[in-house]
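Asks: Below is one structure. I have some questions about it.
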Amino acid sequence: MAKMTMVQALNLALRQEMAKDDRVVVLGEDVGLDGGVFRVTEGLIEQFGEARVIDTPLAESAIVGMSIGMAVYGLRPVCEIQFAGFDYLNFHQIECHASRLRHRSQGRFSVPMVMRAPYGGGVRALEHHSESREALWAHLPGLKMVIPSGPRNARALLVSAIRDPDPVIFYEPKAVYRAFREEVPEDEETLPIGKARVVREGRDVTIIAYGAMVHPTLAASIELQDKLGISAEVIDLLTISPLDDELFVASVRKTGHAVVVHEAPRSFGPGAEVLSRLVEKVFYYLQSPIRRVTGFDLIFPLFARENAYMPHVGRIVEAVRETLAEPANL
């Protein structure tokens, strides 16, 4: 198997699905001649032509609105929003139309489209380019919210998203785009949307993360084992909605301790939903309070303060030490 970056793996998914199904089209700002701002769509216009790889105006609402119309009429559009910080401009189209058209039409119409967007911090980007807005989309009934964490699962999940009969919001952590390579099979591979995975088994504490935060979480789990003898189980959610609570509930039932990690702001973030489900389902198994390691309730800072905002290995290790040291008041 070839070793690929996440950018290359996503490009492979698009290329193979476009070759296999002529209903798949790609559209967005600079996705054609320039190959996308991060080059995820590089080379697609040369292979599939301007009718299937469409450079659009700088108008996010129009990009998504066109995609909804294409999907209703039988195509499978994959639209790119250049940065997730600008996807609020198309929120109306997604919320009022894409997410509810199946319900509104009593099943007569579906909207098989994917909205891709690079999200998150860690790359010294400009204002409006580092936001984590996954909680907004996850809160909307009728949508699926997918966030891969590495090249191989990004390729497999994007294929599944393209084939899904309903709209999928597909956030790509740009801090991972070229951070490392993984072996990615040339043959077709998919992953089910709505299923998490255990990426490191452990017995003492469960750490739940997703997207770019899986990698400092894994590094923290290694440090915990090597320096403190703490065995941490690490779970990668992969999908924020629908949320696979069965996996992390079973893990916390085993370990009795939990830490949740994400870079989105703390208040009302996905970690709060994970925490709520744990309290609802395994409250009497908890041996200490659940800890959250998150971004702060602030506008994402620029370069000089970016590293202080992002969760990092030290913060995750400290949260695990705190939760293991503090007994629950049950």
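The values are calculated or read from the model by the stated rules, or taken from the named source; none is laboratory data. Just so we're clear, the structure is a prediction, and the values are computed from it rather than from any experiment. Heads up, the Cβs are rebuilt from the backbone with ideal geometry, glycines too, and the neighbour counts pull from every protein chain shown. What goes into the accessible areas is simple: the full protein's heavy atoms, side chains included, and nothing from ligands, DNA or RNA. Shrake-Rupley method; radii C 1.70, N 1.55, O 1.52, S 1.80 Å.
Asks: Are there any strands (runs of 3 or more DSSP E) wholly within the stretch 173-227 with 1 or more residues that are farther than 16 Å from residue 6 by Cα, and if so which?
Replies: So the answer is 197-200, 205-209.
Yes/no per residue for (1) within 12 Å of the chain's Cα centre (by Cα); (2) in contact (Cβ under 8 Å) with a residue 12 or more places away in the chain; (3) closer than 30 Å to residue 304 by Cα; (4) buried (at least 17 other Cβ atoms within 10 Å of the Cβ):
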position: 135; (1), (2), (3), (4): yes, yes, yes, yes
position: 144; (1), (2), (3), (4): yes, yes, no, yes
position: 157; (1), (2), (3), (4): yes, yes, no, yes
position: 165; (1), (2), (3), (4): no, yes, no, no
position: 184; (1), (2), (3), (4): no, yes, no, yes
position: 190; (1), (2), (3), (4): no, yes, no, no
position: 197; (1), (2), (3), (4): no, yes, no, no
position: 200; (1), (2), (3), (4): no, yes, no, yes
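Asks: Just give me the residues in the stretch 278-304 being outside any loop (DSSP other than H, G, I, E, B) and either open to solvent by 60 Å² or more (accessible area, probe 1.4 Å) or without any contact (Cβ under 8 Å) to a residue 24 or more places away in the chain (or both), in sequence order.
Replies: The answer is 279, 280, 281, 283, 284, 285, 292, 303, 304.
Asks: Now a separate question. Might you let me know whether the stretch 7-19 holds any residue that is in contact with a helix residue (DSSP H, G or I) (Cβ under 8 Å, 6 or more places away or on another chain), open to solvent by less than 40 Å² (accessible area, probe 1.4 Å) and among the β-branched types (Val, Ile, Thr)?
Replies: Scanning the stretch 7-19, I find no residue that is in contact with a helix residue (DSSP H, G or I) (Cβ under 8 Å, 6 or more places away or on another chain), open to solvent by less than 40 Å² (accessible area, probe 1.4 Å) and among the β-branched types (Val, Ile, Thr), so the answer is no.
Asks: Enumerate the pairs (first residue in the stretch 30-44 and surrounded by fewer than 22 Cβ atoms within 10 Å (Cβ to Cβ); second residue anywhere and of a type in the set (Lys, Arg) and in a loop (DSSP other than H, G, I, E, B)) with beta-carbon separation below 7 Å, excluding pairs fewer than 6 apart on the same chain, so at least 6 apart or on different chains.
Replies: 38/174
Asks: Would you check if residue 42 is acidic (Asp, Glu) and either within 23 Å of residue 128 (Cα to Cα) or in contact with a Lys or Arg (Cβ under 6 Å, 6 or more places away or on another chain) (or both)?
Replies: no
Asks: Take residue 50 and tell me if it is of a type in the set (Asp, Glu), over 24 Å from residue 189 (Cβ atoms) and either open to solvent by less than 40 Å² (accessible area, probe 1.4 Å) or in a loop (DSSP other than H, G, I, E, B) (or both).
Replies: For residue 50, the condition - of a type in the set (Asp, Glu), over 24 Å from residue 189 (Cβ atoms) and either open to solvent by less than 40 Å² (accessible area, probe 1.4 Å) or in a loop (DSSP other than H, G, I, E, B) (or both) - is met.
Asks: Sticking with this one: So which residues in the stretch 240-253 are in a strand (DSSP E or B) and either surrounded by fewer than 24 Cβ atoms within 10 Å (Cβ to Cβ) or in contact with a Phe, Trp or Tyr (Cβ under 6 Å, 6 or more places away or on another chain) (or both)?
Replies: Within the stretch 240-253, 241 is the sole residue that qualifies.
Asks: Still on this structure: As an exercise: evaluate residue 131 against (1) open to solvent by 40 Å² or more (accessible area, probe 1.4 Å); (2) touching a helix residue (DSSP H, G or I) at 6+ places or on another chain (Cβ under 9 Å); (3) of a type outside the set (Phe, Trp, Tyr) and give the number of the one condition it does not meet.
Replies: Single failed check for residue 131: (1).
Asks: Sticking with this structure for a sec: Looking at the stretch 305-327, which of its residues are part of a loop (DSSP other than H, G, I, E, B), closer than 13 Å to residue 263 by Cα and either touching a strand residue (DSSP E or B) at 6+ places or on another chain (Cβ under 8 Å) or without any contact (Cβ under 8 Å) to a residue 40 or more places away in the chain (or both)?
Replies: Once the filter is applied, which keeps residues that are part of a loop (DSSP other than H, G, I, E, B), closer than 13 Å to residue 263 by Cα and either touching a strand residue (DSSP E or B) at 6+ places or on another chain (Cβ under 8 Å) or without any contact (Cβ under 8 Å) to a residue 40 or more places away in the chain (or both), the stretch 305-327 yields 310, 311.
Asks: Further, regarding this structure: So how many residues does the stretch 116-128 have that are closer than 21 Å to residue 31 by Cα, more than 12 Å from the chain's Cα centre (by Cα) and either surrounded by fewer than 20 Cβ atoms within 10 Å (Cβ to Cβ) or at pLDDT 95 or above (or both)?
Replies: Of the residues in that region, 3 qualify.
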